[in-house]
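Comments concern the structure below.
The values are calculated or read from the model by the stated rules, or taken from the named source; none is laboratory data. All values reported here derive from a predicted model rather than from experimental measurement. Cβ sites come from the backbone with ideal geometry, for glycine too, and all protein chains shown count toward neighbours.
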Amino acid sequence: MKVIDQDLLEKVIIERSRTSHKGDYGRLLLLGGTYPYGGAIIMAALAAVKSGAGLVTVGTDRENITALHSHLPEAMAFSLQDQQLLKEQLEKAEVVLLGPGLRDVAFGEDLVKQVFAGLKQNQILIVDGGALTILARTSLSFPSNQLILTPHQKEWEKLSGIAIEKQNKDATASALTSFPQGTILVEKGPATRIWEVGQSDYYQLQVGGPYQATGGMGDTLAGIIAGFAGQFKQASLYERVAVATHLHSAIAQELSQEHYVVLPTEISSHLPKVMKKISQKGT
């Protein structure tokens, strides 16, 4: 078991070059938020932007776009029904986050199949929320590009076949042998573990707690992971995902000193300040 320490945080979160521009910090496409789960994709988009993503585009229900822009005018948005725009944005994206607030119905399943079929090998795909449920139910073949999976315990049960009460490091290590090489798994739970298929060791969080047990927490984590996946290229993707996951819970733990429950949007709002401090190496 590996611990995420200050050295790793400082390796990943570095100061920005004075000559850089928004194109250097990731072109993200977030897909989800179908009725009645519109808030999920908004929280994911907030987290992605607050974590420093350069360009964030959201595909969601048309009725959800006004609400999204009232919270986050920095994101672009389009209707998931617009096939032409969806195709264009899928081609442009470096990182695709699929699934926050995606309802498990025929439309959701068609979207998952379309994304899986349309991605190129050099694109990063994060599969979260409803897309994980659809993936488990349909037994779709994994796409060949870089995969990040972010299941909570129930979703991991469906995906791996391991009952919640039997989920432990040995069972997960065994299950991961059937996943594509290089797949990154964020196995969420009371002691979240972050794995990379092909490596026997794993990271385990030492932060977090029950104050995070509220709707939208996973959507926010997925957004932070997407944001980190699109930047900090000096570190490996596995390291970026581990640090993103750690920060999400570390900020929640800090806020829990004064709050009985920590809201996901509060974690996002604290992200830029915490990242700034780390990038200056605590000075």
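Miscellaneous remarks
- Selection status of Val49, among the aliphatic types (A, V, I, L, M), at negative phi, within 18 Å of the chain's Cα centre (by Cα) and in a helix (DSSP H, G or I): yes
- Residue among Thr172, Thr214, Thr177, Thr138 that alone is under 19 Å from the mean Cα position of the chain (by Cα) and among the hydroxyl-bearing types (Ser, Thr, Tyr): Thr214
- In the range 221-250, of all residues being aromatic (Phe, Trp, Tyr) and part of a helix (DSSP H, G or I), the one that is nearest to Gln146 (Cα to Cα) corresponds to Tyr238.
- Applying the criterion of being closer than 21 Å to Gln114 by Cβ and crowded, with 17+ Cβ neighbours inside 10 Å to the residues of the range 138-154, the residue that is modelled with the lowest pLDDT is Pro143.
- Given (1) more than 30 Å from Lys273 (Cβ to Cβ); (2) surrounded by fewer than 17 Cβ atoms within 10 Å (Cβ to Cβ); (3) not aliphatic (A, V, I, L, M), index of the condition Gln89 fails: (2)
- Selection of first residues in the range 1-27 that are under 20 Å from Ile224 (Cβ atoms) and of second residues that are of a type in the set (Lys, Arg) and modelled with pLDDT under 95, restricted to Cβ pairs under 6 Å at least 6 apart or on distinct chains, gives the following pairs, ordered by first then second residue: Glu10/Lys281.
- The set of residues in the range 198-218 that are aromatic (Phe, Trp, Tyr) and either within 20 Å of Asp128 (Cα to Cα) or not in a helix (DSSP H, G or I) (or both) comprises Tyr202, Tyr203.
- One residue alone among Thr183, Thr172 is at pLDDT 95 or above, closer than 20 Å to Leu97 by Cβ, surrounded by 12 or more Cβ atoms within 10 Å (Cβ to Cβ) and hydroxyl-bearing (Ser, Thr, Tyr), and that residue is Thr183.
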